[in-house]
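Below: one structure, written as structure tokens.
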Amino acid sequence: MTTDLITQTGLSRYDFLELLGFSWKVNSEGYDYAAEHYAPRFENPELRQQSETALRDLYRKHLPTLQQWQDQTHYEDINRIWAAHQREEKERREANLLWAVHPGGDWDAGAYSDAFESREAAEEWVEGRKRLTDEHGWKPWQGRLLHRETPGGEWAEVPTA
């Protein structure tokens, strides 16, 4: 990754990638829609609490650097970096949740696919997938129910009946 460009922005790598993803949404959806529905989830508390005007100014200020970074970074690297960032963002957002489901099979997008506040919510999700399988004749769901004892801890499979 062209880290010198990121360093020049004064943003953390994480916040730079949040702004990069936001810029893609602006390009495809327009600024107002992107700001309303896809606002960056910055790790910097000051950036998280900024106003709409401040976000617009930040976006405009760093857009040339975001574009330059993309021009200097191979598209396969951008895809890999973005996928890793999305996994990290999801894990940060769901770090406090203790229940999850893994879809089964050889799934490399992370340790789990969806996390939940309770076992009941996770089991309800699994039952919903089983109903969809029955209704549509899909391949049976072969995922796993997961639990961890502490927020951010390691996931362990939970035996189910």
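The values are calculated or read from the model by the stated rules, or taken from the named source; none is laboratory data. Quick caveat, the model's predicted, so the values are computed rather than measured. Because the Cβ atoms are built from the backbone with ideal geometry, glycine has one as well, and the counts that use them run over all protein chains shown.
Scanning segment 36-48 for residues that are within 22 Å of Asn79 (Cβ to Cβ) and aliphatic (A, V, I, L, M) turns up nothing.
For segment 60-81, the criterion of being more than 20 Å from the chain's Cα centre (by Cα), part of a helix (DSSP H, G or I) and not assigned by TED's automatic domain parsing to the domain that holds Thr7 is met by no residue.
Only residues that are within 20 Å of Leu97 (Cα to Cα) and not in a helix (DSSP H, G or I) were counted in segment 120-155, giving 13.
Scanning segment 1-40 for residues being under 18 Å from Arg92 (Cβ atoms) and within 18 Å of the chain's Cα centre (by Cα) gives a total of 14. Just to be sure before I move on: is Gln68 among the polar types (S, T, N, Q) and in contact (Cβ under 8 Å) with a residue 40 or more places away in the chain in the structure I sent? In short, yes. Taking the criterion of being touching a strand residue (DSSP E or B) at 6+ places or on another chain (Cβ under 9 Å) and loosely packed, with under 10 Cβ neighbours inside 10 Å, the residues of segment 141-161 that qualify are Glu149, Pro159, Thr160.
A single entry from Pro64, Pro40 fulfils the requirement of being surrounded by 12 or more Cβ atoms within 10 Å (Cβ to Cβ) and at pLDDT 95 or above: Pro40. Apart from one condition, Ala100 fits all of (1) assigned to a strand (DSSP E or B); (2) within 21 Å of Leu5 (Cβ to Cβ); the exception is (2). How about segment 82-102: which of its residues are crowded, with 16+ Cβ neighbours inside 10 Å, of a type in the set (A, V, I, L, M, F, W, C) and out of contact with any Gly (no Cβ under 8 Å at 6 or more places or on another chain)? Scanning segment 82-102 gives Leu97, Leu98, Trp99, Ala100. Within this structure, Arg129 passes the test of being surrounded by 13 or more Cβ atoms within 10 Å (Cβ to Cβ), of a type outside the set (Phe, Trp, Tyr) and not assigned by TED's automatic domain parsing to the domain that holds Ser12. Here the condition is being more than 23 Å from Arg80 (Cα to Cα) and acidic (Asp, Glu); of Glu46, Glu18, it holds for Glu46 alone. Within segment 45-59, the only residue that satisfies the criterion of being within 20 Å of the chain's Cα centre (by Cα) and of a type in the set (Lys, Arg) is Arg48. So which residues in segment 1-50 are among the hydrophobic types (A, V, I, L, M, F, W, C), outside any helix (DSSP H, G or I) and in contact (Cβ under 8 Å) with a residue 60 or more places away in the chain? Within segment 1-50, Met1 is the sole residue that qualifies.
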